[in-house]
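Enquirer: Shown below is the structure under consideration.
The values are calculated or read from the model by the stated rules, or taken from the named source; none is laboratory data. Quantities reported herein were computed from a predicted structural model and do not represent experimental measurements. Neighbour counts run over all protein chains shown; Cβ positions are idealised from the backbone, glycine included. Note: areas computed on protein heavy atoms with side chains; ligands, DNA, RNA excluded. Shrake-Rupley method; radii C 1.70, N 1.55, O 1.52, S 1.80 Å.
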Amino acid sequence: ATPPPLCTPTPTLTSTPTPTRTNTPTNTPVPSANLALNKPVVCSSVENAGTACANAVDGNTGTRWASAFSDPQWIRVDLGTTQSISHIVLRWETAYGKSYQLQTSNDATNWTTIYSTTTGDGGIDDLTGLVGSGRYIRMNGTVRATQYGYSLWEFEVYN
């Protein structure tokens with residue numbers, strides 16, 4: 001006699017509850033807009049016609065402003081109205097500022113320094129916690145890190 005085949009019980013499937021979506025708001029801060037984007041800009045010099053001042057505020061990280069190969073050099077953005085400034089992003093090309101100041105002004109003549117460094121290392125300088133206000137904001141470069149000028153892919157200003 002052959003023993004009967006072993007029967008394995010069939011597992012019972014249970015359903016997993018599906019989470020319910022709610023429209024509960026979160027307190028995630030929304031970044032403010034770049035105040036310098038496409039604003040009027042003036043600079044102390046340009047390396048050539050392809051590296052115009054306006055390239056630093058056009059929102060395109062494929063274009064850049066580059067200065068003459070000397071110190072000092074600066075780039076100034078007219079925000080149009082007086083703005084509180086707490087955050088600035090400088091997106092440096094390979095030619096960057098070793099020593100520079102970020103300055104604000106209401107008249108483009110009298111400047112207040114809101115940030116200063118003598119140890120710039122290029123790349124992206126994402127500077128938060130700044131305290132200042134003004135209609136104009138400038139990067140005032142005093143010592144270049146390379147033999148070339150100052151070169152920014154983008155100069156971004158936030159409040």
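Enquirer: Consider ASP121 against the criteria (1) in contact with a Leu (Cβ under 8 Å, 6 or more places away or on another chain); (2) surrounded by fewer than 14 Cβ atoms within 10 Å (Cβ to Cβ): it satisfies all of them except one. Which criterion is unmet?
Expert: (1)
Enquirer: Please work out which residue is most open to solvent (accessible area, probe 1.4 Å), limiting yourself to the range 58-70 and to residues that are touching a strand residue (DSSP E or B) at 6+ places or on another chain (Cβ under 6 Å) and assigned to a loop (DSSP other than H, G, I, E, B).
Expert: Checking each candidate, the answer is THR61.
Enquirer: Going by the conditions given, is ASP107 in a loop (DSSP other than H, G, I, E, B) and open to solvent by 70 Å² or more (accessible area, probe 1.4 Å)?
Expert: yes
Enquirer: Give the residues of the range 76-98 that are touching a Phe, Trp or Tyr at 6+ places or on another chain (Cβ under 9 Å), part of a strand (DSSP E or B) and either under 15 Å from ASN34 (Cβ atoms) or open to solvent by 10 Å² or more (accessible area, probe 1.4 Å) (or both), sorted by residue number. Reasoning before the result, please.
Expert: Keep residues of the range 76-98 that are touching a Phe, Trp or Tyr at 6+ places or on another chain (Cβ under 9 Å), which gives 76-79, 85-97.
After this cut, where a residue has to be part of a strand (DSSP E or B) as well, the list is 76-79, 85-92, 97.
The answer is ARG76, VAL77, ASP78, LEU79, ILE85, SER86, HIS87, ILE88, VAL89, LEU90, ARG91, TRP92.
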